[in-house]
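Beneath this line is the structure, given in structure tokens, with notes to follow.
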Amino acid sequence: MDFLIWLSFLGAALLLTIMPGPDNLFVLAQSISNGKNAGIATAFGLCTGLIVHILATVLGVSALLYQSSLAFSIIKYAGAAYLMYLAYKAFTAKSSSLEVQKTQQVSYDALYKKGIIMNILNPKVSLFFLAFLPQFVTASGGNAAFQMLVYGITFLVQALFVFTVISLFAGKVGTVLRKRPAISQKINLIEGSLFTLIGLRIALSEK
């Protein structure tokens, strides 16, 4: 595989990951409301979900998803419904729960699982890889499936790095907000609003 082509892929992947999207907004919401470690746990979940999409692309499953409007719609609306459920939980959570979280450990395992579910139930991710990875495959690079696997792993690693940086930054913002009583009571509202935004983006997305 050509190193310069791989480097150009990495640059493009970084730019695409930094752009506001469902994944980094999800990490942002968890980091602000529950701290940086919660955001990092969510990031690991999202990147675990990416493994499913990468393998689906390499094995050709994503191509089948693209051809089936019904399958695409089922997964899309299931993902949107899940995000709306998380938004409802955030909106109806007691404001005092933010103070309770100071003494009670956040369930990172639950956040990890949320990240996996949220990513897997977003069919746009599979279609993104289906359209993006083959653009960097070359005849001189050897087996096309292997090249896409390498690019997919590269994307996963850089995404985890970007999400971790977002978690660290948003976690500090959340710490500052929680020290202000008038604002801390609205963190659940902020979190719920972000979940609603992500859910609507998924629901309104098209192939």
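The values are calculated or read from the model by the stated rules, or taken from the named source; none is laboratory data. Note that the coordinates shown come from a computational prediction; the quantities given were computed from them, not determined experimentally. Cβ: placed from backbone, ideal geometry, glycine included. Neighbour counts: every protein chain shown. With ligands, DNA and RNA removed, areas are computed over all heavy atoms of the protein, side chains included. Shrake-Rupley method; radii C 1.70, N 1.55, O 1.52, S 1.80 Å.
Worth a mention:
- Sequence of 113, 124 from largest to smallest accessible area, 1.4 Å probe: 113, 124
- At the residue level, residue 91 shows approximately 100 square angstrom of accessible surface with a 1.4 angstrom probe and all protein chains present.
- The slack in the chain from residue 8 to residue 189, taken as 0.36 nm per residue of separation less the alpha-carbon distance, amounts to 61.2 nm.
- Charge tally in the Cβ shell below 12 Å around residue 171, where Lys, Arg are +1 and Asp, Glu are -1, residue 171 excluded: +3
- Highest to lowest packing among 136-147, 48-59, scored as the average C-beta count within 10 Å: 48-59, 136-147
- Residue 77/residue 140 FRET efficiency (R0 41 Å; Cβ-Cβ; nearest 0.05): 0.45
- In this structure, the residue pairs whose Cα-Cα separation is over 25 Å, taken from 76/172; 36/113; 36/179; 114/179; 36/76; 76/113, are 76/172; 114/179; 36/76.
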